[in-house]
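Enquirer: I am attaching a structure below and will ask some questions about it afterwards.
Each reported figure results from applying straightforward, stated rules to the coordinates on display, with no laboratory input. Everything numeric in this text was worked out from a predicted model, so none of it was measured. Here Cβ is always computed from backbone atoms with ideal geometry, including for glycine, and neighbour counts include all displayed protein chains.
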């Protein structure tokens, strides 16, 4: 499991800095945008690094995520207030109406009940994700969460943050050490040729931008 977590972090870092972003264009862009936007960009970058290349809250559309778990409990207890916390106040009436319709139409036909339940869940999750500024791509099956997100949910259920802190510190620390070592090694030949110099600059930017993103999370201010 430790190796798997480490591979996840490495894959996200590589995807963000190599496949998705052009290093030199990123550096130029950051120098042009405002400080507040740079802070938000750094936070977004690091959030993606720690979670996944998908939406940071994508687990909320899976059947083992907290939104659907609360929705199923609400239907069972016939208490819509258990799910209203997952949507913005402007959606309360829509969710309440859909919830009441679902309960009213449910009967002895299990197939029909499943269709009604799914339609309610889809509406709830879609509006929840709209509130986050994310798109809804359908309900996901159990075990769709990334390891990091699953670990976050488990820490809340067990009231234990120690495992999360240890895992993140360990894997992020290893990545930083690797990036430092790469930049340090290439710095020895950076002046030998233009090509070697550019290789060093790429490694340098990759290493420093990772730390800049972390610094913004630790010392900057952001809201959910």
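Enquirer: What does the C-alpha gyration tensor say about the overall shape of the range 60-131? Classify as rounded when a/c is under 1.5, otherwise prolate if a/b is larger than b/c, or oblate.
Expert: Details: a/c = 1.77, a/b = 1.43, b/c = 1.24.
In terms of gyration-tensor shape, prolate.
Enquirer: Ranked highest first by average number of other Cβ atoms within 10 Å, how do 79-86, 106-113 line up?
Expert: Output ranking for 79-86, 106-113: 79-86, 106-113.
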